[in-house]
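*Asks:* Quick one: the structure is below, questions incoming.
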Amino acid sequence: MPTLVIANKCYSSWSLRPWLLMKQLGVAFDEILIPLDLADTKEKVLKHSPAGKVPILIDGDVTVWESIAIMEYVGEAFGSPAWPEDRRARAMARSVAAEMHAGFQALRGACPMNLGRKYAARDRGDAVARDVARFSDVVRQARERFGAGGPFLFGAFSAADAMYAPLATRLATYSFALDAQTRAYVDAILSLPAFQEWRAAALKESWIVDADEVDEEAIENFRNAA
């Protein structure tokens, strides 16, 4: 079986992406979890990839790093297409996935992925609000054009949904107000059994990454309740 090298499930948004896609596609794999921000973290990661970052997929003599590259490889190597079958939908899916990879910097910076806590709604600035509005635009456009076959961006779950899943968790963690269509999409992601499996494991972790703990009081601490 291939092996996926990941980091803390509570915080590692990039690790979640290929992990969730592989689970959804039914691709069996082993995993190696390397905790973030420890003295030997970098050394351990470098044993698997010259880039020194997770996630990393190891399949025999093939090593793939970077989330989108991993998902492309998974779709090619294991006979489970990662992208929509329709050429037009596939083009849009790849476009919004690349946009997620490079964009939404304000939201990602102000609201780190943290599955262990929930924060109250508050004004997080115009740049964050624009990112949330853009996310809603992506959901609306994809769902209206190609979403008839299921609850995800392009109907069935695809690599595009895996790319946006960590953003969906942020919208829940930081209590953003969402329109009904965006809320339904976020709920569809968070209700996935595969995501629930990831989150249950995340809440059992004991590591704390200070950089991903925002400086405000949580209204819920799921780790204490787990």
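The values are calculated or read from the model by the stated rules, or taken from the named source; none is laboratory data. Values in this document were obtained by computation on a predicted structure and should not be read as measured data. Note: ideal-geometry Cβ built from the backbone for every residue, glycine included; neighbour counts use all protein chains shown. We work out accessible area using only protein heavy atoms, side chains counted, and drop any ligands, DNA or RNA first. Shrake-Rupley method; radii C 1.70, N 1.55, O 1.52, S 1.80 Å.
*Asks:* Can you name the number of the only condition in (1) of a type in the set (Val, Ile, Thr); (2) outside any helix (DSSP H, G or I); (3) in contact with a helix residue (DSSP H, G or I) (Cβ under 7 Å, 6 or more places away or on another chain) that VAL74 fails?
*Replies:* So VAL74 meets the others, but not (2).
*Asks:* Here is a further query. Output the residue which, of all residues in the stretch 19-34 that are under 12 Å from TRP198 (Cβ atoms) and not hydrophobic (A, V, I, L, M, F, W, C), is surrounded by the most Cβ atoms within 10 Å (Cβ to Cβ).
*Replies:* Only one residue fits best here, namely GLN24.
*Asks:* Residues of the stretch 144-166 being open to solvent by less than 60 Å² (accessible area, probe 1.4 Å) and assigned to a helix (DSSP H, G or I), which ones? I'd like the intermediate steps shown before the answer.
*Replies:* Residues of the stretch 144-166 that are open to solvent by less than 60 Å² (accessible area, probe 1.4 Å), as a first pass: 146-147, 150, 152-155, 157-166.
Once the filter is applied, which keeps residues that are open to solvent by less than 60 Å² (accessible area, probe 1.4 Å) and assigned to a helix (DSSP H, G or I), the stretch 144-166 yields PHE146, GLY147, ALA159, ALA160, ASP161, ALA162, MET163, TYR164, ALA165, PRO166.
*Asks:* Keeping to the stretch 66-111, report how many residues are open to solvent by less than 40 Å² (accessible area, probe 1.4 Å), of a type outside the set (Gly, Ala, Ser) and in contact with a Ser or Thr (Cβ under 8 Å, 6 or more places away or on another chain).
*Replies:* Residues in the stretch 66-111 being open to solvent by less than 40 Å² (accessible area, probe 1.4 Å), of a type outside the set (Gly, Ala, Ser) and in contact with a Ser or Thr (Cβ under 8 Å, 6 or more places away or on another chain): 4 in total.
*Asks:* With respect to PHE135, is the statement that it is over 18 Å from the mean Cα position of the chain (by Cα), more than 18 Å from PRO18 (Cα to Cα), surrounded by 15 or more Cβ atoms within 10 Å (Cβ to Cβ) and in contact (Cβ under 8 Å) with a residue 12 or more places away in the chain true? Write out each step before concluding.
*Replies:* On the way: over 18 Å from the mean Cα position of the chain (by Cα): no; more than 18 Å from PRO18 (Cα to Cα): yes; surrounded by 15 or more Cβ atoms within 10 Å (Cβ to Cβ): yes; in contact (Cβ under 8 Å) with a residue 12 or more places away in the chain: yes.
Considered against the rule, which asks whether it is over 18 Å from the mean Cα position of the chain (by Cα), more than 18 Å from PRO18 (Cα to Cα), surrounded by 15 or more Cβ atoms within 10 Å (Cβ to Cβ) and in contact (Cβ under 8 Å) with a residue 12 or more places away in the chain, PHE135 comes out as no.
*Asks:* Restricting to the stretch 18-57, name every residue that is farther than 17 Å from ALA77 by Cβ and either among the β-branched types (Val, Ile, Thr) or part of a helix (DSSP H, G or I) (or both).
*Replies:* Across the stretch 18-57, the qualifying residues are LEU20, ILE32, ILE34, THR41, LYS42, GLU43, LYS44, VAL45, LEU46, VAL54.
*Asks:* Hey, can you tell me all the residues within the stretch 169-182 that are in a helix (DSSP H, G or I) and farther than 21 Å from TRP198 by Cβ?
*Replies:* Within the stretch 169-182, the subset in a helix (DSSP H, G or I) is 169-173, 180-182.
Matches in the stretch 169-182: ALA180, GLN181, THR182.
*Asks:* Consider only pairs whose beta carbons are under 6 Å apart and that are at least six residues apart or on different chains; among these, list those whose first residue lies in the stretch 92-107 and is at positive phi and whose second residue is modelled with pLDDT of 95 or more and open to solvent by less than 60 Å² (accessible area, probe 1.4 Å).
*Replies:* So the pair list comes out as PHE104/ASP131.
*Asks:* Given the structure, is ALA133 among the hydrophobic types (A, V, I, L, M, F, W, C), part of a loop (DSSP other than H, G, I, E, B) and out of contact with any helix residue (DSSP H, G or I) (no Cβ under 8 Å at 6 or more places or on another chain)? Steps first, answer last, please.
*Replies:* Numbers: among the hydrophobic types (A, V, I, L, M, F, W, C): yes; part of a loop (DSSP other than H, G, I, E, B): no; out of contact with any helix residue (DSSP H, G or I) (no Cβ under 8 Å at 6 or more places or on another chain): yes.
Against the criterion (among the hydrophobic types (A, V, I, L, M, F, W, C), part of a loop (DSSP other than H, G, I, E, B) and out of contact with any helix residue (DSSP H, G or I) (no Cβ under 8 Å at 6 or more places or on another chain)), ALA133 does not qualify.
*Asks:* For the stretch 201-217, does any single residue satisfy the condition of being without any contact (Cβ under 8 Å) to a residue 40 or more places away in the chain and part of a helix (DSSP H, G or I)?
*Replies:* No, the conditions are met nowhere in the stretch 201-217.
*Asks:* A further question on this structure: Of everything in the stretch 35-55 that's touching a strand residue (DSSP E or B) at 6+ places or on another chain (Cβ under 6 Å) and at pLDDT 95 or above, which residue is surrounded by the fewest Cβ atoms within 10 Å (Cβ to Cβ)?
*Replies:* Taking the stretch 35-55 first, the residues touching a strand residue (DSSP E or B) at 6+ places or on another chain (Cβ under 6 Å) are 48-49, 51, 54-55.
Still in the running and at pLDDT 95 or above: 48, 54-55.
Numbers: HIS48: 19, VAL54: 25, PRO55: 25.
Per the criteria, the residue is HIS48.
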